[in-house]
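Here the structure comes first, spelled out in structure tokens, and everything after it is commentary.
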Amino acid sequence: QVQLVESGGGLVQPGGSLRLSCAASGFTFSMYVMSWYRQAPGKERELVAISSISGRTNYAEPVKGRFTISRDNAKNTVYLQMNNLKPEDTAVYYCNARSISSQYWGQGTQVTVSS
């Protein structure tokens, strides 16, 4: 019933842009903190960006100024706009939803930044 489905990943050249989307269903989206995480080969999963219930945002230092998280509660969707992409941004990007008592993960979408 609960689903988080990411889309928008792909191959992009350094300096390029991608917009990731995460479509949510099966829970009350507006009552969940939404986040994007990423995991590169051989590395631990790391937090990239957070959007609170009110829409306030926070970012990891490596992406600050380049990435923007936003949410559209009417569409039950959270986005990650990624600009000026760098090879070190290459990873599987995961959508996460968290409430006081529950947590859900998407399946991930691959982002590859390479020339």
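The values are calculated or read from the model by the stated rules, or taken from the named source; none is laboratory data. Model, not experiment: these values are computed from the prediction. We place every Cβ from the backbone using ideal geometry, glycine too, and count neighbours over all the protein chains shown. Just so you know, the surface numbers come from the protein's heavy atoms only, side chains and all, with ligands and any DNA or RNA stripped out. Shrake-Rupley method; radii C 1.70, N 1.55, O 1.52, S 1.80 Å.
The strands (runs of 3 or more DSSP E) located wholly in the range 43-115 include none with 3 or more residues which are buried (at least 16 other Cβ atoms within 10 Å of the Cβ), touching a Leu at 6+ places or on another chain (Cβ under 8 Å) and not hydrophobic (A, V, I, L, M, F, W, C). Scanning for something of a type in the set (Lys, Arg) and either touching a residue at least 12 places away in the same chain (Cβ under 8 Å) or within 23 Å of Val12 (Cβ to Cβ) (or both), does the range 34-43 turn up at least one residue? There is at least one residue in the range 34-43 that is of a type in the set (Lys, Arg) and either touching a residue at least 12 places away in the same chain (Cβ under 8 Å) or within 23 Å of Val12 (Cβ to Cβ) (or both).
The condition of being within 16 Å of the chain's Cα centre (by Cα), closer than 19 Å to Glu88 by Cβ and β-branched (Val, Ile, Thr) does not hold for Val33.
Kindly establish whether Asn96 is closer than 17 Å to Gly9 by Cα and either out of contact with any His (no Cβ under 8 Å at 6 or more places or on another chain) or not charged (D, E, K, R) (or both). Here the answer is yes, as Asn96 does meet what is asked.
Any residue at all in the range 11-26 that is assigned to a loop (DSSP other than H, G, I, E, B) and touching a Phe, Trp or Tyr at 6+ places or on another chain (Cβ under 7 Å)? Among the residues of the range 11-26, not one is assigned to a loop (DSSP other than H, G, I, E, B) and touching a Phe, Trp or Tyr at 6+ places or on another chain (Cβ under 7 Å), which makes the answer no. Going through (1) part of a strand (DSSP E or B); (2) touching an Asp or Glu at 6+ places or on another chain (Cβ under 8 Å); (3) open to solvent by 20 Å² or more (accessible area, probe 1.4 Å) one by one, Arg38 falls short only on (3).
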